[in-house]
Each structure stands twice: as structure tokens, then as C-alpha cells.
1. Note down all Cβ pairs under 6 Å where the first residue falls in segment 6-33 and is surrounded by fewer than 24 Cβ atoms within 10 Å (Cβ to Cβ), the second is in a strand (DSSP E or B), and they're at least six residues apart or on different chains.
2. Search segment 57-68 for residues being over 14 Å from Gly8 (Cα atoms) and without any contact (Cβ under 8 Å) to a residue 60 or more places away in the chain, and hand back the single one that is nearest to the chain's Cα centre (by Cα).
3. May I ask you to verify whether Glu42 is among the acidic types (Asp, Glu) and assigned to a loop (DSSP other than H, G, I, E, B)?
4. Can you name the residue in segment 141-159 that is touching a residue at least 40 places away in the same chain (Cβ under 8 Å) and more than 13 Å from the chain's Cα centre (by Cα) and, of all such residues, is farthest from Ala234 (Cα to Cα)?
5. Counting only residues that are of a type in the set (Val, Ile, Thr) and in contact with a helix residue (DSSP H, G or I) (Cβ under 6 Å, 6 or more places away or on another chain), which one in segment 46-66 is surrounded by the fewest Cβ atoms within 10 Å (Cβ to Cβ)?
6. If you check every pair at least six apart or on different chains, which have Cβ atoms under 9 Å apart with a residue in segment 222-234 that is over 16 Å from Thr17 (Cα atoms) and touching a residue at least 60 places away in the same chain (Cβ under 8 Å) first and a residue that is hydrophobic (A, V, I, L, M, F, W, C) and assigned to a loop (DSSP other than H, G, I, E, B) second?
Amino acid sequence: MNTVLITGTSSGYGLETARHFHAQGWQVIATMRTPHEGLLPEGLRILPLDVTDPASIATTIEAAGSIDVLVNNAGIGLVGAFEAAPMDYVRKVFETNTFGTMAMVQAVIPQMRARRSGVIVNVTSSVTLAPMPLAAAYTASKQAIEGFTGSLAHELAAFGVRAKLVEPGYAPTTRFSQNIDFAIEDMIPETYADFAAPLFAAFASPVLTTRETDVAEAVFLAATDGSDRLRYPAGADAVALVA
């Protein structure tokens, strides 16, 4: 039975991806900072994991054992005018979205390289295809992973290990501002109000949207198609950007 380790499975894309792999008969290791069963199906292994903590990563990788597919889904967001973004939080975004992903990849490469097989799937965002306003730091953190994964794919190919990108589109429930400890209003200075208002209205009623199942299916395809394909847009809006 193939084993997949997925980060950030407490909700959203990670939760749905864990469900999808489980439904396909995979052994799923669902990880999150504060373990809880929540809406996860029975039969999954749930392990604690903080991707910004090297000790936590090492403990989880050791407990997981052999990993056929790593899905880096854990992430946090930031929405608002970059001028008003607290730099401490910008660094926090990069620690999770960028350096956390890189640290997980570095931790799993040795076993995949030795086995000469494995797939690494990094979940980014359609903002890497078409950058949107009021998400500059978030976009930058995901763009870094795009370049990282493209280079990594070449680096690991000689060892039979594949690196992939899944690029989810936008959903009205996308939590660009999850886990922040300050008010969103603080990120929209008065001087940006006229600019921001129509954008937030558009975000609330997008023409095309992405479902959590779209992302889960794209991740599963990336993990299993056996090709050298790098990018997998997920959702009608993301697909439209590359059409």
C-alpha cells in the first residue's frame, strides 16, 4: 500500500486531499499543528507537525517511516496593502509557506533518493500565474516555491524522484488571512479604501471558482500520473489562466 504524508490537513484543501487519497486506498498520514480527528475519515494516521520547527519535522518524518508521496499543503495567508503589512508577519508567512515547505522537502529527500522513487507535491496558488493585488507577500512566498520546485524537479530526476506543483485557483472561502493576530481592517489604510472596496466585492463573487475537490483531484493526479509534467492547475479559474 502506498503512503502519502500531507501537511495542513485540519481543514480546507489538506483535509479534502487526505479524504481523497484515503478513498483511493492509500495509507494516509495526516499532519497538523494541533492533532484532532475532526472531519477526517477513520483509518488515517494523525501526527503533530509544525513545519517551522526542525525538531517537529524530524520527529514526524521518523514516526512516519517510508513515505511514497509528500504533499506540502500547510500554509498561511496575508491580505491587505503591503505598505501596512507588519514585517514580523511577512516573515511568518515565509517561514510557513516557503521555508517550511523547503524544510519538509529536505527532510524527505534522503529516503526517496535511496529508494530511487517518490513524489513531492508542493501546493502553491494561481496567484503565481496571475498575481492579484492586496496579496503581495503571500504571492511572493508562493512564487518562491514555484521556482524552487522547478529547479528541484531537474535536480531529483536522476534519482527517480519527481517534484510537482499544484496551483489552486481562487475560492470565496480561501482564507488568505487565516491565523493572523491582528484585524484585517488594519491592513487597509484609509488611503487604500477606494482601491480595495471593489476588489473585495469581486473576491466575494468571483466568476470562476475552485472547489476543494478540484484541488484534491489535482494533487492525486500529480502524485500518480508517472510523468515529468511539472504544473497542475486546479479549478476552472486556474485552468483558464493557462489555457
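The values are calculated or read from the model by the stated rules, or taken from the named source; none is laboratory data. Computed from a predicted structure; not experimentally measured. FYI the Cβ positions are ideal-geometry reconstructions off the backbone, even for glycines, and counts take in every protein chain you see.
1. Pairs that qualify, where the first residue is surrounded by fewer than 24 Cβ atoms within 10 Å (Cβ to Cβ) and the partner is in a strand (DSSP E or B), are Ser10/Met32; His22/Val28; Trp26/Val4; Gln27/Thr3.
2. Here is the first cut: in segment 57-68, the ones over 14 Å from Gly8 (Cα atoms) are 58-59, 61-68.
Applying the additional criterion that residues be without any contact (Cβ under 8 Å) to a residue 60 or more places away in the chain yields 58-59, 61-63.
Details: Ala58: 20, Thr59: 21, Ile61: 18, Glu62: 22, Ala63: 22 Å.
Step by step, filter segment 57-68, then rank; the result is Ile61.
3. yes
4. Here is the first cut: in segment 141-159, the ones touching a residue at least 40 places away in the same chain (Cβ under 8 Å) are 141-142, 144-145, 148-150, 152-153, 156-157, 159.
Keeping just the survivors that are more than 13 Å from the chain's Cα centre (by Cα) gives 148, 150, 152-153, 156-157, 159.
On the way: Phe148: 20, Gly150: 18, Leu152: 21, Ala153: 20, Leu156: 24, Ala157: 24, Phe159: 28 Å.
Result: Phe159.
5. Thr52
6. From segment 222-234, the pairs are Arg231/Leu129.
For every residue, the table says whether it meets (1) over 22 Å from Arg211 (Cα atoms); (2) surrounded by fewer than 23 Cβ atoms within 10 Å (Cβ to Cβ); (3) at pLDDT below 95.
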position: Val71; (1), (2), (3): no, no, no
position: Val79; (1), (2), (3): no, no, yes
position: Pro86; (1), (2), (3): yes, yes, yes
position: Lys92; (1), (2), (3): yes, yes, no
position: Gly100; (1), (2), (3): yes, no, no
position: Met104; (1), (2), (3): yes, no, no
position: Pro110; (1), (2), (3): yes, yes, no
position: Ala114; (1), (2), (3): yes, yes, no
position: Asn122; (1), (2), (3): no, no, no
